[in-house]
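Okay, structure first, notes after.
The values are calculated or read from the model by the stated rules, or taken from the named source; none is laboratory data. Keep in mind it's a predicted model, so treat the numbers as computed, not measured. Cβ placement follows ideal geometry from the backbone for every residue including glycine, while neighbour counts extend to all protein chains displayed.
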Amino acid sequence: MPFATIWTTTAKDVIRDIIISDINGDNKPEVVYASWDSNIYAVRGNDGGRVWIFKNGAFDGP
C-alpha cells in the first residue's frame, strides 16, 4: 500500500530536524520540527494542528 498524505504544515523557510514523540502526555504523537526561519514548531500528529511555536531567534542555516 502506498503512503498517503494525511495533513500538511508550513514554515516560513526550509523544515528540518523532525522529531515525532508524545510531548504533552496525551498518548498521541506530536511532530516537532525546526525551520531555518529560526522557529521550532510542534503540531498534533493526527491532524497537523499547531500546538505551539518557539521563536528561537538563532540561525545556523547555510
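A count restricted to segment 1-34 and to residues that are in a strand (DSSP E or B) and without any contact (Cβ under 8 Å) to a residue 12 or more places away in the chain stands at 1.
Does Asp47 fit the bill of being surrounded by fewer than 11 Cβ atoms within 10 Å (Cβ to Cβ) and assigned to a loop (DSSP other than H, G, I, E, B)? For Asp47, the condition - surrounded by fewer than 11 Cβ atoms within 10 Å (Cβ to Cβ) and assigned to a loop (DSSP other than H, G, I, E, B) - is met. The residue that is modelled with the lowest pLDDT, among those in segment 1-33 that are of a type in the set (Asp, Glu) and loosely packed, with under 11 Cβ neighbours inside 10 Å, is Asp17. Here Phe54 fulfils each of the conditions (1) surrounded by 10 or more Cβ atoms within 10 Å (Cβ to Cβ); (2) modelled with pLDDT of 90 or more; (3) over 9 Å from the mean Cα position of the chain (by Cα); (4) not in a strand (DSSP E or B) apart from (4).
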